[in-house]
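Report on the following structure.
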């Protein structure tokens with residue numbers, strides 16, 4: 001069985017090894033021990049402190065295989081983006097041009113830089129070990145964050161976004177970066193991507209401030225705008241099932257799409273509910289799976305998948321599910337269907 005839990009300091013060694021499997025474009029999970037250590041420290045501090053309102057906290061989660069202790073995945077929530085150092089995206093806009101002399105009407109799309117100082121909540125850092133991607137664990141890993149949002153809504157903004165990884169070629173080169181950004185930053189894509197993880201001031205200093213008209217870009221760069229990397233397609237489809245939609249914004253480096261949804265409209269948030277564990281049995285003969293979260297203190301949060309029996313008095317869990325969540329009879333948990341609505 002697997003659980004999703006808050007990251008711990010002693011996870012660093014395993015996370016560093018796991019990050020070596022992540023390709024370029026996953027900025028928030030770099031193969032850099034110093035940056036990973038800082039992300040872990042920040043997250044541990046934020047989980048222990050507990051926030052009463054969103055203010056840039058980072059909640060970093062890992063997926064652990066219980067019997068072996070092996071870490072196979074990561075995901076994260078940033079309570080609020082922006083602040084003193086803004087978050088940057090390009091907005092896709094349309095100019096409506098008309099010439100009476102030529103009898104021409106022309107709608108031209110262009111990119112306008114957006115600086116977000118007072119931004120929404122952002123989910124990200126979704127990565128799963130390649131060998132674990134055929135076991136249905138990706139859905140559990142991704143959706144586990146939404147149970148955390150549902151349990152602690154006051155710690156987050158009312159709108160949630162995700163920046164999805166854009167198109168890269170087999171050499172991890174971005175056609176959008178090559179057409180636009182490299183002319184201003186004069187560093188390689190991967191270096192700029194890594195630098196942005198620690199300090200975004202170079203973006204403000206060098207990024208073009210004027211609109212970029214899409215039709216004048218090379219065809220490869222145009223085709224990359226708002227498109228996702230092939231390895232990110234499953235994550236995009238899952239978020240669309242959760243009611244996320246493209247909000248006409250893209251990443252400034254590789255033009256991947258930004259999708260968003262109001263927190264209360266996220267399918268897993270909307271369909272989740274609290275329940276009391278009334279009984280624990282060896283097995284439950286039922287096929288429908290649920291996300292089940294241990295709640296209480298935020299640093300005690302744990303999520304797994306399992307089957308449940310519903311009664312008027314509460315729910316029944318299997319012994320294995322109760323064991324990995326460390327819950328007992330009488331404890332309260334938050335549950336949500338892994339797929340679609342309850343029936």
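The values are calculated or read from the model by the stated rules, or taken from the named source; none is laboratory data. Because the structure is a prediction, the values reported are computed rather than measured. As a convention, Cβ positions derive from the backbone with ideal geometry for all residues, glycine included, and neighbour counts pool all protein chains shown.
Taken as a whole, the structure places residue 53 among residues that are loosely packed, with under 15 Cβ neighbours inside 10 Å, assigned by TED's automatic domain parsing to the domain that holds residue 214, within 21 Å of the chain's Cα centre (by Cα) and not in a strand (DSSP E or B).
Could you name every one of the strands (runs of 3 or more DSSP E) located completely within segment 228-300 that has at least 3 residues being free of Cβ contacts under 8 Å to residues at least 60 places away in the same chain?
Details: elements: 245-250, 257-262, 273-281, 290-294.
Where strands (runs of 3 or more DSSP E) fall fully within segment 228-300 and carry at least 3 residues being free of Cβ contacts under 8 Å to residues at least 60 places away in the same chain, they are 273-281, 290-294.
Of the candidates 281, 277, the single residue that is crowded, with 16+ Cβ neighbours inside 10 Å and not assigned by TED's automatic domain parsing to the domain that holds residue 161 is 277.
One line per residue, one yes/no per condition, for (1) assigned by TED's automatic domain parsing to the domain that holds residue 180; (2) over 28 Å from residue 197 (Cα atoms); (3) buried (at least 16 other Cβ atoms within 10 Å of the Cβ); (4) modelled with pLDDT of 95 or more:
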| residue | (1), (2), (3), (4) |
| --- | --- |
| 259 | yes, no, yes, yes |
| 286 | no, yes, no, no |
| 303 | no, no, yes, yes |
| 313 | no, yes, no, no |
| 327 | no, yes, yes, yes |
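Modelled with pLDDT under 95 and crowded, with 16+ Cβ neighbours inside 10 Å - does that describe any residue in segment 91-111? No.
Residues are listed down the side, and each one gets a yes or a no for (1) outside the structural domain of residue 238 (by TED's automatic domain parsing); (2) more than 26 Å from residue 246 (Cβ to Cβ):
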site	(1), (2)
68	no, yes
98	yes, yes
135	no, yes
142	no, no
146	no, no
163	no, no
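Against the numbered list (1) in a strand (DSSP E or B); (2) within 26 Å of residue 119 (Cβ to Cβ); (3) without any contact (Cβ under 8 Å) to a residue 24 or more places away in the chain, residue 42 comes up short only at (1).
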